[in-house]
Amino acid sequence: MTNPATTLSSPGAAATTPQAASTSKKPQSRRRSVSRGWIGWLFIAPFGIVFVVFLVSPLAYAFYLSLFSKGLATGTIFSGVGNYVKAFTDPEFLSGVWFVLRFAVVLIPVQMAVSLAAALVLDSLTTRLANFSRLMIFVPYAIPAVIGSIMWGFLYSPSFGPLNNLFSLINQQAPEILNSDNIFGGLMNVVVWQWAGYYMIIIYAALRGIDPSIYEAARIDGANPRQIALRVKVPMITSALVLILVFALIGTLQFFTEPQVLKPIANGAITASFTPNIYAYNLAFQFSQFNYASTISFSLGIVVFIAVYIFLFSTRKRRGGFSS
Amino acid sequence: MNKKTLVAAVSTGALLLGLTACSADGSTSGAGSTAAADATSCSNTIVYPDAPKVSVWAWYPNINTVVDLFNKAHKDVQVCWSNAGQGGDEYAKFSTAIAAGTGAPDVIMLEDEVLPGFELQKALVDLTKYGSDDVKANFSSGAWKDVSSGSSVYAIPVDGGPMAMIYRKDIFTKYGITIPTTWAEYEAAAVKLKAAGGPFMGDFGSNVPAWFTALMTQNGQTAWKYDNSSPQSIGIALNDAGSKEVATYWQGLISQGLVDTKDQFNTDYVGGMASGKYATYISAAWAPGYLSGNGGAATGPGAEWAVAPLPQWDTSKPVSVNWGGSTLAVTTQAKDPALATTVAKELYASDAELKDGVDTQTIFPLSKSVLDAEWFASTPVAFFNGQKANGEVYIPAENAYKGYTYSPFTTYYYSELTKAMVTIIKQTSTGEKALDDLQSTMSTYAKAQGFTVQ
C-alpha cells in the first residue's frame with residue numbers, strides 16, 4: 001500500500017530538485033534497482049523456501065484433499081464443494097463452532113479485564129514487589145499448555161486436589177469440575193491463567209511506551225490516578241488491545257490442547273467433536289477420514305476469517321494504528 | 001556488481017546451501033526411518049546382523065525382553081522393534097502411514113477391535129496365504145474368531161481379556177456380602193452395602209465403551225454382522241431387548257446411587273480403588289497387572305483383592321465375554337510378507353517369552369501351550385493374595401469365550417457409545433432410548449460411509 005505521506009511529499013521534493021539533474025539521474029537509478037531486485041529475493045529465499053515447503057504446499061494439498069470424498073466402504077470421488085456443504089450442515093461441526101464462539105465471547109472479556117487490570121496496576125507501581133508480581137503473572141504462560149492442563153487436572157481432582165481439602169472443612173463433597181455441566185467454567189479458568197500473563201506483558205510494554213510528560217500534563221489539569229488510567233492510558237493503548245483481542249479470538253476458535261489433554265478425566269464431557277479442531281483431529285487420525293478432516297480444517301479457517309473480519313470491521317473507527 | 005552486492009549474494013548463497021544441506025540431511029534420515037528394518041532405528045540390539053530384519057511396532061511393557069529372547073533364538077530372522085505409542089497413538093501413526101503409502105512397519109501390534117477397520121483399508125495381509133493355519137490349533141476357537149473375517153485371518157492372537165469380577169474381600173467381609181453370581185444378586189449386594197453406609201459397589205465409566213459392549217454382549221447382543229466376503233455390507237443390531245435390559249439395569253444402579261460414574265484408567269479412579277471407594281471392579285484378566293504395575297498401586301493399606309466369575313443374567317446359560325486383547329498383524333507395506341508372517345506367528349509365542357509375559361503380569365496369554373499348562377493354572381497370583389486366579393476364574397472364562405465380530409468403524413462406534421453412556425449417567429435419556437438413538441446414529445453413519453445396512 002502506498003503511504004499517503006510519501007505521495008504527498010514527493011511533488012514538493014521534485015519541485016525543489018533541478019529538472020535537468022533529475023532527468024539525467026533517473027534512468028541510471030532505475031537500471032540499478034532492476035539489477036538489484038533479484039538480491040532482495042535472495043535475501044528472503046531462506047524464509048521463502050521454508051514458508052512454501054512447510055506452509056503453502058501443505059495448505060494447498062489439504063485444500064486439494066478437501067475437494068474429494070471417501071467413505072470407508074467406497075472409493076475416492078471428486079465432490080467439489082460437496083464436503084463444504086456437508087460440513088456447514090454437520091451438527092457435530094456446528095455444535096463445536098457454537099461452543100468455541102460462546103467460549104470466546106465469555107473468555108476474551110475476562111482475559112482482557114484480568115490482563116489490563118494487572119498491567120495498569122504494575123505500571124503505576126515501582127517497587128520490587130511489582131517486578132515479582134509481573135514475573136508470577138507471566139509464569140503460567142511459560143509453562144507448556146500440555147503440562148499446565150495436566151496440573152489443572154490434578155488441581156480439579158475431587159480426590160487428590162485442594163478442592164477436596166477445602167470442601168471437607170465444611171463437610172461437603174468437592175464439586176466435580178470436569179463433567180459436562182461444569183466443563184465450560186473449568187476450561188475457562190485454565191485458559192484465562194494460561195494467557196493472561198502474556199497479554200499483560202503486551203499491554204505493559206505498550207504502557208511503557210507512553211510519554212510520561214502526558215501524565216504530568218493530566219495531573220496539572222487535575223486528573224486523579226484513576227482518571228489517568230482510564231481516560232489517558234487505556235485510550236492510548238487501544239491498538240495493543242485490538243492486537244491481543246485478535247490473538248485471543250483466533251486462539252480461542254482453534255481451541256485444542258487443553259480439552260484434548262483433559263479428555264481422559266473429563267467423565268465424557270469432552271466428545272470427539274468438542275471443538276472444530278478436535279473434530280478434525282479425530283476424523284483424520286481416529287476415524288480415517290482424511291478428506292473430510294481437511295474440509296473441517298478449512299471450514300474452521302473460513303469461520304476464523306469471518307469472525308476476525310467482523311471484529312476488525314466493527315472496531316475500525318475506534319482502534320488506533322493496528323492495521324494501517 | 002559492486003563489492004557489497006557480491007558479499008551479500010555470496011553470503012545469501014551460503015545460507016541457502018546450508019539450508020539445502022540441512023534438508024538433504026533430513027531426507028536421508030527420513031528415508032532411513034521409513035526403511036524401518038535399518039538397524040540404526042531399532043530400539044533393541046540385533047544379535048545376528050546378517051539375517052533379514054523384520055520391523056515391529058508394539059507396546060507390551062516387556063516387549064524388550066521378548067524381542068531379545070526371539071532374536072537370540074532365530075538365526076534366520078531378526079526383529080527390529082520400536083514403540084510407536086500405545087493404542088490410539090500407534091493407530092494414528094499407522095493410519096497416517098496407510099494414507100501416505102509408506103512408513104508402516106512389517107508387523108504391528110493391534111487390538112482385536114481395530115482389525116476390521118484396518119482390513120477394510122487394505123492395510124493388513126491375509127495370513128492364510130502364508131500359513132497362519134499352522135498355529136490355529138494353538139488358540140481357542142473364540143480367540144481365533146476374533147482375528148478372522150470370513151475365511152481370512154488377519155492377525156495372530158497374543159493377549160486376551162476374559163472378564164471376571166474383581167472384588168475387595170475385606171469390604172465384602174466387613175459388610176457381610178456374599179459373592180454375587182447373578183446381576184440381580186449384584187444389585188442386592190449393592191443395596192445392602194449402601195444401606196450399611198458402605199462404599200460404591202462398582203463404577204460405570206463413560207470412557208470404557210468396550211466394557212459396556214462386552215456386558216451387553218453377555219446378555220445376547222450381536223451388534224455387528226460383518227465379514228470380508230461382502231465388505232460393503234453390514235448388519236447393525238444395538239437395541240435388542242437384551243442390550244436394553246443391561247442399559248436399564250445400570251441406569252437403575254446409577255439412579256439409586258449404588259455405583260459411581262467416574263472415568264476409568266486415571267489416577268483418580270485407581271486411587272479410589274486403593275482407598276476402598278469401590279467394592280468390585282468388573283474387569284478383564286489384564287486388570288491385576290494394570291492395577292499392580294502400570295496403573296499405580298491399587299494395593300492400599302488393608303486392601304485384600306480377590307476374583308470371582310462374572311455375574312450372569314441366567315446361571316443356567318452362562319456367557320463368557322472379553323474386554324481388550326491384542327494381536328500381531330502383518331501390514332501390506334511389509335517387504336517380505338511371508339517372513340513377516342513367520343515373525344507374527346512366532347514372536348511372543350515361545351514358552352520362555354510367554355512365561356515372561358505371565359511373570360511380569362503383562363499379558364493374559366491366549367496360546368494353549370500356556371492355557372493348558374499345569375503351572376499356569378496353579379500359579380498363585382500375588383495381587384490376589386495367592387489366589388490361583390488363572391485356574392479358578394480366568395482360564396475357564398477364556399475357554400468358554402465364543403468370539404466376537406467387530407465393526408470396521410469401532411473407534412467411531414465407541415465415541416458414539418460414550419455419548420450414549422453419558423446420557424444414561426445423567427439420566428437425560430432412558431437406557432432404552434439411548435440405545436435406540438445409538439442404533440439410528442450408527443445406521444446413518446454406516447450409510448454415509450457407503451455401506452449397505454442390512
Expressed in nanometres to one decimal, the distance between label points 7 Å along Cα→Cβ at residue B:248 and residue A:133 is 6.2
Starting at the first residue of the range B:137-148, write each ³J(HN,Hα) from the Karplus equation 6.51 cos²θ - 1.76 cosθ + 1.60 with θ = phi - 60°, in whole Hz, x for Gly and Pro.
-> 5, 6, 10, 5, 5, x, 5, 6, 5, 4, 9, 9
Under 20 Å by backbone N from the virtual spin label 7 Å along Cα-to-Cβ at residue A:211, the residues of the range A:219-242 are A:219-223, A:228-240
Computed about the Cα centre, the charge dipole of the protein assembly as shown from +1 Lys/Arg and -1 Asp/Glu charges at the Cβ has a magnitude in debye, to the nearest 20, of 4360
To the nearest 10 degrees, the tilt of helix B:3-34 (Cα long axis) against the first principal axis of the alpha carbons of chain B is 50
Where in the range B:239-273 does the label zone of residue B:432 land, with the point 7 angstrom along Cα→C-beta and an amide N cut-off under 11 Å?
-> B:241, B:244-245, B:248
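By how many nm would the segment from residue A:160 to residue A:142 grow when fully extended, if each residue of separation counts as 0.36 nm and the alpha-carbon distance is taken off? Don't jump to the answer; show the numbers that get you there.
Values: separation 18, 0.36 × 18 = 6.48 nm, distance 2.48 nm.
Stretched fully, the residue A:160-residue A:142 segment lengthens by 4.0 nm.
Ignoring trypsin sites (Lys or Arg not before Pro) that are buried or in helix or strand per DSSP, and keeping those with at most 14 other beta carbon atoms within 10 Å, what is the longest stretch of chain B between them? Walk me through the intermediate numbers first.
Details: sites that count: B:75, B:122, B:335, B:402.
Result for the longest clean stretch: B:123-334.
When you look at the Cβ of every residue in A:261-269, what mean number of other chain Cβ atoms sits within 10 Å?
On the way: counts 0, 0, 2, 5, 8, 4, 11, 14, 3.
Across A:261-269, the average partner-chain Cβ count within 10 Å equals 5.
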Please list the radius of gyration and Dmax for the range A:83-314, considering alpha-carbon atoms only, with Å as the unit.
-> 20.9, 68
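Which whole-number percentage describes the relative contact order of the range B:212-258, with Cα contacts under 8 Å and a sequence gap of 6 or more?
Numbers: 33 pairs, mean separation 17.5, N = 47.
It rounds to 37 percent for the range B:212-258.
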Let me know the Kirkwood hydrodynamic radius for chain B, please, with Cα pairs as the basis and the value in Å to one decimal.
-> 23.9
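How high is the FRET efficiency from residue A:50 to residue B:448, r the C-beta distance, R0 45 Å, rounded to 0.05?
0.70
At 0.36 nm per residue, and after removing the present C-alpha to C-alpha distance, how many nm does the segment from residue A:74 to residue A:38 gain when stretched out fully? Let's see the in-between values first.
Details: separation 36, 0.36 × 36 = 12.96 nm, distance 4.96 nm.
Extra length from residue A:74 to residue A:38 when fully extended: 8.0 nm.
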Give or take rounding to whole Å, what are the principal axis extents of the alpha carbon atoms in the protein assembly as shown, in descending order?
-> 110, 69, 51
Pseudo-spin-label distance residue A:234 to residue B:374, built 7 Å along Cα→Cβ, given in nm, is 8.6
What distance in nm separates the simple spin-label points at residue A:168 and residue A:188, each placed 7 Å from Cα in the Cβ direction?
-> 2.9
Could you give the angle, 0 to 90 degrees to the nearest 10, between helix B:410-425's Cα long axis and the longest principal axis of the Cα atoms of chain B?
-> 40
Name the residue farthest towards the positive end of the dipole of the protein assembly as shown from the options A:119, A:276, A:137, assuming +1 on Cβ of Lys and Arg, -1 on Cβ of Asp and Glu, about the Cα centre.
-> A:119
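Counting only C-alpha contacts under 8 Å and six or more residues apart, can you give the relative contact order of chain B as a whole percent?
It comes to 24 percent, rounded to a whole number.
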Note on chain A: helices (DSSP H) long enough, at least 30 Å by alpha carbon along their axis, and hydrophobic enough, mean Kyte-Doolittle at least 1.0, are A:91-124, A:183-208, A:290-314
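Please give the charge dipole size of the range B:348-454, origin at the Cα centre, charges +1 on K and R Cβ atoms and -1 on D and E Cβ atoms. Round to the nearest 20 debye. Mind showing how you got there, number by number?
Numbers: 8 positive and 12 negative charges, 97 e Å.
Using only the charged Cβ atoms, the result is roughly 460 debye.
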Sequence-distant lysines (8 or more away, or on other chains) whose Cα lies within less than 29 Å of residue A:233 = A:317
Rounded to a whole number of µm²/s, how large is the Stokes-Einstein D of the range A:73-214 at 4 °C and 1.567 mPa s, given Rh as the Kirkwood radius over C-alpha pairs?
-> 69
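Read the figures in this text as sums done on the coordinates, not as results from a lab. The structure presented is a predicted model; accordingly, all values stated were derived computationally and were not measured. Using ideal geometry, Cβ is built from the backbone for each residue, glycine included, and neighbour counts are taken over all protein chains shown.
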